[in-house]
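First up is the structure itself, then whatever we jot down about it.
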Amino acid sequence: MPRRVRLVEVGPRDGLQNEKQPIDVADKVRLVDDLTAAGLHYIEVGSFVSPKWVPQMAGSAEVFAQIKQKPGVTYAALTPNLKGLEAAIEAGVSEVAVFGAASEAFSQKNINCSIDESLARFAPLMEAARENGIQVRGYVSCVLGCPYEGEVDPKRVAHVAHALFAMGCYEVSLGDTIGTGTPGKTRQLIEVVSREVPRDKLAGHFHDTYGQALANIYASLLEGLCTFDSSVAGLGGCPYAKGASGNVASEDVLYMLQGLGIETGIDLDALIGAGQRISEVLGRPNGSRVARARLSAQ
Ligand SMILES: CC(C)(COP(=O)([O-])OP(=O)([O-])OC[C@H]1O[C@@H](n2cnc3c(N)ncnc32)[C@H](O)[C@@H]1OP(=O)([O-])[O-])[C@@H](O)C(=O)NCCC(=O)NCCSC(=O)C[C@@](C)(O)CC(=O)[O-]
């Protein structure tokens, strides 16, 4: 079991990208600033993708311009291609993420190209990122199931994860996009993928659609992973995975890690405050069970 875990907060991006209602730039900025104040060291702020595909992320450059960036904290963005990277550089972003999939059908639906084409698209992005001193993280979606193809062979995940790692992604986040994974399958997946990418270069990204996310994180901890993506108040879903609920709530992950005596450097009360504020802005119940329990006990 690791002594310290790194939490990658994806709420402002993965969480908000799926919202139907418009969200003001000021509310997004407040969310990121609240997360910084809660002690997060890595915040995925937005994405530079086609506004026709994901309209909610269209204001990402303005959000980056207005957030208060604290030294030592990484403020990252998703970029699907060179055009996205150029927009991110223009907005002063210092770390980006590329996103591929282990399923052909999901790759087509999400980024309008095959897996091989996506990897070819990432190559010039990686080169330009290197030239500009920008670190690149990689995502693989559908690692434990695909909304269009069903079961996904772990070897296919390992192939894409290895390709991303080999082209220069410093870390590869394994996305259970539709949350169908269970702890045994998660352990098996990590066992297979870690033959191609070292465990300390892998992260877990679990959606909680089937209520398995915390169990899957625990299983991943047992397998030696020590980086996890999560979303404050359990915000989110995926625009290209119908019915997918949010990422596991950051507050719930933090509570579990604290119970295991694992350090993160994050203040749970401040995080609960951030999650409650954005839930009220969105007019929806707080998706964190820990937050709901704590707030109802006040
Ligand atoms: C990848 C594309 C652009 C391909 O979309 P395309 O239509 O094949 O792209 P294209 O190169 O043919 O260009 C078409 C138009 O898009 C524009 N365009 C092209 N690139 C960009 C860009 N970067 N920023 C802004 N505009 C762009 C381009 O300029 C052109 O504009 P037009 O001439 O028609 O006016 C599109 O499919 C897209 O934007 N997809 C994004 C989908 C997305 O953001 N999904 C959610 C994130 S992934 C996720 O949530 C999963 C994850 C990471 O959390 C892990 C997990 O849980 O699984």
Using alpha-carbon pairs under 8 Å, 6+ residues apart, how would you state the relative contact order of segment 6-296 in percent? 19
So how much slack lies between Q258 and M1, counting 0.36 nm per residue of separation and subtracting their Cα-Cα distance, in nm? 91.2 nm
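Could you count how many Lys pairs in segment 25-89 have their Cα atoms under 25 Å apart, skipping same-chain pairs fewer than 8 positions apart?
The number of close lysine pairs in segment 25-89 is 5.
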Under 14 Å Cα-Cα from K185, which aspartates and glutamates qualify once same-chain neighbours fewer than 8 residues away are excluded? E151, D153, D176, E223
Could you name the aspartates and glutamates whose alpha carbon sits less than 19 Å from that of K20, not counting residues in the same chain fewer than 8 places away? E280
5 angstrom amide H check on Y139, placed H, neighbours 5+ away: V98, F99, G100, S173
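How do 223-233, 74-84 rank on mean C-beta neighbours within 10 Å, highest first? Kindly include the intermediate steps, with their values, before the conclusion.
Details: 223-233: 25.0, 74-84: 21.7.
The densest-packed peptide leads the list: 223-233, 74-84.
Cα-Cα pairs above 36 Å in segment 6-296: how many percent?
Values: 2892 of 42195 pairs.
Pairs farther apart than 36 Å: 7 percent.
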Here the residues of segment 82-100 lying in the modelled label zone of E131, meaning backbone nitrogen under 12 Å from a point 7 Å along Cα-to-Cβ, are 86
Distance (nanometres) between label positions extended 7 Å along Cα→Cβ at R289 and K201: 3.6
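Using alpha-carbon pairs under 8 Å, 6+ residues apart, how would you state the relative contact order of segment 130-233 in percent?
Working: 186 pairs, mean separation 29.0, N = 104.
Once divided by the residue count of segment 130-233, the mean separation gives 28 percent.
Is the C-alpha gyration tensor of segment 214-283 telling us rounded, prolate or oblate? Criteria: a/c under 1.5 is rounded; beyond that, a/b larger than b/c is prolate, otherwise oblate. Walk me through the numbers before you get to the answer.
Numbers: a/c = 2.97, a/b = 1.23, b/c = 2.41.
Since a/c reaches 1.5 but b/c is at least a/b, the shape of segment 214-283 is classed as oblate.
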Treating only the Cα positions of segment 3-79 as identical point scatterers, give the base-10 log of I(q)/I(0) from the Debye formula at each q in 0.15, 0.20 Å⁻¹. -0.46, -0.80
Below 10 angstrom from the Cβ of Y255, what's the summed charge of the other residues (Lys, Arg +1; Asp, Glu -1)? 0
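Take peptides 33-45, 56-68 and line them up by average Cβ neighbours within 10 Å, highest first, as a rough protection proxy.
Numbers: 33-45: 21.5, 56-68: 18.8.
My ranking of the peptides, most packed first, is 33-45, 56-68.
Values quoted throughout were computed directly from the atomic coordinates according to the rules given, and no laboratory measurement underlies them. Values in this document were obtained by computation on a predicted structure and should not be read as measured data. Virtual Cβ from ideal backbone geometry, glycine too; neighbours counted across all protein chains shown.
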